[in-house]
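Everything on this sheet refers to the single structure shown next.
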Amino acid sequence: MVPRIAHVRRRRHDAPDAWTLELDMADGAHVDYAPGQFNMLTAFGVGEAAISMSGDPATGPLIHTIRAVGPVSRALTELKPGEPIGVRGPFGVGWPMAAAEGKDVVLVAGGLGMAPLRPALYRLLGERSRYGKVTLLFGSRRPEDIVFRHEVENWRGRFDIDVDVTVDHAGADWRGHVGIVTTLIARLDLDPAKTIAMVCGPEVMMRFVSMALCDRGIAEESVWLSMERNMKCAIGHCGHCQLGPTFICRDGPVFTYRRLKPLLGVKEL
Amino acid sequence: MENLERILSEHPFFSGLDKGFLELACGCARNARFESGAYIAHEGEAADQFYLLREGRVALQITAPGRGAATFLTLGPGDVFGVNWLVPPYRWTYDARTLDVTRAIAMDGKCLRNKCEADHHMGYDIMKRLMPIVIDRLHTTRLQFLDLYNADV
Ligand SMILES: Cc1cc2nc3c(=O)[nH]c(=O)nc-3n(C[C@H](O)[C@H](O)[C@H](O)COP(=O)(O)OP(=O)(O)OC[C@H]3O[C@@H](n4cnc5c(N)ncnc54)[C@H](O)[C@@H]3O)c2cc1C
Ligand code: FES
């Protein structure tokens with residue numbers, strides 16, 4: 001599958017090492033996608049990386065939030081407005097939005113894990129009456145690392161969503177929570193039988209968050225995680241992203257904790 | 001006293017405690033209220049109080065030279081802190097500072113220690129309530145210092 005060409009419309013610095021790119025497809029087409037899906041983005045001359053959509057699937061342009069960790073992601077975050085970028089996708093199976101209808105929804109994000117959850121949150125807020133109570137628990141390293149900070153502050157001010165933010169490390173001037181995100185789960189007021197959880201963050205964080213949610217009585221099949229493994233083809237051919245019997249690119253990246261639990265200990269492939 | 005006993009029995013830490021033990025524990029308890037920004041405890045001081053939070057939030061902090069005070073954990077209603085009352089040398093190992101107007105039940109650590117010593121059944125029950133909190137704090141501190149969200153992890 002050959003990448004389509006897009007151009008960077010806007011570039012915003014979102015966290016010390018993360019940038020958000022707004023893209024225009026060169027052919028003017030609108031890219032339809034489901035919350036939780038991802039694209040393979042090409043930085044020409046450097047390479048390709050899997051990056052989730054982080055914008056509003058209903059309205060906005062194609063938006064990706066990228067953390068510079070290696071050569072490809074760094075090159076992507078350095079693209080300036082007007083520069084070309086390659087787009088293959090959308091790929092994967094997203095968040096269980098249909099299964100969440102009529103239920104309370106708890107989103108648990110760790111660091112840049114907020115990016116793949118953001119389209120789900122837009123959908124939940126955009127079609128608010130279809131869902132029960134919506135809660136966002138968001139853990140970051142330090143206050144200055146909180147990605148989409150202004151938006152998070154806006155969500156906090158709304159009456160139709162509960163938002164709790166915690167950081168791992170803070171100076172005395174931070175008045176919010178300090179402690180890992182699982183400490184917020186222990187304090188949640190929830191009805192486990194009618195709650196569905198969507199979790200994204202580093203794997204270790206997701207493991208402990210899943211355990212904490214299940215300890216609160218949520219069923220393993222009601223806890224959904226988005227997995228990150230190295231990808232190449234993104235269409236289930238190359239085997240790069242294989243985790244046990246599953247291909248993250250084709251069968252995921254979103255899976256239930258029930259399905260992932262035996263595989264979560266598997267080391268990077 | 002009856003009011004305090006009810007408050008104590010409704011706090012998650014003591015909920016379901018044997019009635020007799022509750023009465024004994026109540027003898028060591030008093031209501032406490034702190035303004036926002038007040039220090040409840042200072043690192044190095046004698047830890048002769050154990051706190052059960054009812055309202056408000058408390059930041060546990062350690063001050064590092066040149067870096068000022070760093071908060072490593074915030075606690076809210078239903079949480080407890082100050083388990084140092086149980087372990088020699090009974091000394092606070094951090095500062096505890098309120099973030100809001102805070103209400104708590106302050107338990108006299110020495111009084112509680114003596115009662116636990118005199119009645120090991122009560123002591124064991126209280127120990128079973130304290131240990132999970134201590135273990136949970138240890139575990140979450142480990143994860144916190146793994147620096148999970150750092151790009152290198
Ligand atoms: C389905 C899916 C969705 C993704 N969505 C996003 C997204 O929205 N935003 C985003 O920034 N990234 C996302 N990623 C991760 C991204 O694809 C990888 O970080 C990719 O490896 C970056 O390529 P690179 O060449 O820059 O770094 P590489 O050369 O692959 O890696 C450089 C170094 O960084 C480490 N590293 C790689 N990925 C990560 C990571 N995610 N966290 C911490 N360390 C890492 C590697 O172990 C290596 O040491 C997603 C991955 C998948 C599979
Ligand atoms: S990336 Fe090739 S099989 Fe998934």
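Just a few scattered comments:
- Test: residue in region A:84-99 that is away from every other protein chain (no Cβ under 14 Å), away from ligand 1 (no atom under 16 Å from the Cβ) and more than 21 Å from residue A:198 (Cβ to Cβ): yes
- Taking the criterion of being over 29 Å from residue B:147 (Cα atoms), among the hydrophobic types (A, V, I, L, M, F, W, C) and under 16 Å from the mean Cα position of the chain (by Cα), the residues of region A:86-124 that qualify are A:91, A:93, A:97, A:124.
- Scanning region A:16-32 for residues that are within 15 Å of residue A:51 (Cβ to Cβ) and assigned to a strand (DSSP E or B) yields A:18, A:19, A:20, A:21, A:22, A:23.
- Any hit, region A:188-204, residues being within 15 Å of ligand 1 (Cβ to nearest atom), in a loop (DSSP other than H, G, I, E, B) and touching a residue at least 24 places away in the same chain (Cβ under 8 Å): yes
- Residue match in region A:210-219 (condition: closer than 15 Å to residue A:113 by Cβ, within 16 Å of ligand 2 (Cβ to nearest atom) and within 14 Å of chain B (Cβ to nearest Cβ)): no
- Screening residue A:114 against (1) more than 14 Å from chain B (Cβ to nearest Cβ); (2) in contact (Cβ under 8 Å) with a residue 40 or more places away in the chain leaves a single unmet condition, (1).
- Restricting attention to region A:220-269, the residues that are part of a loop (DSSP other than H, G, I, E, B), more than 16 Å from ligand 2 (Cβ to nearest atom) and in contact with a Lys or Arg (Cβ under 6 Å, 6 or more places away or on another chain) total 1.
- Failed condition for residue A:123, given (1) surrounded by 15 or more Cβ atoms within 10 Å (Cβ to Cβ); (2) touching a strand residue (DSSP E or B) at 6+ places or on another chain (Cβ under 8 Å): (2)
- Positions within region B:75-95 being outside any loop (DSSP other than H, G, I, E, B), under 10 Å from the mean Cα position of the chain (by Cα), touching a residue at least 24 places away in the same chain (Cβ under 8 Å) and farther than 17 Å from residue B:30 by Cβ, in sequence order: B:83, B:84
- For region A:33-58, a residue qualifies if it is among the charged types (D, E, K, R) and part of a strand (DSSP E or B), and exactly one does: A:48.
- Exactly one residue out of B:82, B:68 is at positive phi, at pLDDT below 95 and within 14 Å of another protein chain (Cβ to nearest Cβ), and it is B:68.
- Given (1) closer than 30 Å to residue A:203 by Cβ; (2) among the hydrophobic types (A, V, I, L, M, F, W, C); (3) more than 9 Å from chain A (Cβ to nearest Cβ), number of the condition residue B:122 does not satisfy: (1)
- Sole exception among (1) within 23 Å of residue A:51 (Cα to Cα); (2) surrounded by 18 or more Cβ atoms within 10 Å (Cβ to Cβ); (3) out of contact with any helix residue (DSSP H, G or I) (no Cβ under 8 Å at 6 or more places or on another chain); (4) not acidic (Asp, Glu) for residue A:135, by number: (1)
Per-residue answers, yes or no, for (1) surrounded by 15 or more Cβ atoms within 10 Å (Cβ to Cβ); (2) in contact with a strand residue (DSSP E or B) (Cβ under 6 Å, 6 or more places away or on another chain):
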{"position": "A:168", "(1), (2)": "yes, no"}
{"position": "A:173", "(1), (2)": "no, no"}
{"position": "A:177", "(1), (2)": "yes, yes"}
{"position": "A:205", "(1), (2)": "yes, yes"}
{"position": "A:233", "(1), (2)": "yes, no"}
{"position": "A:236", "(1), (2)": "yes, yes"}
{"position": "A:250", "(1), (2)": "yes, no"}
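The values are calculated or read from the model by the stated rules, or taken from the named source; none is laboratory data. All of these numbers come straight from a predicted model, not from anything done at the bench. Glycine gets a Cβ as well: all are built from the backbone with ideal geometry, and neighbour counts include every protein chain shown.
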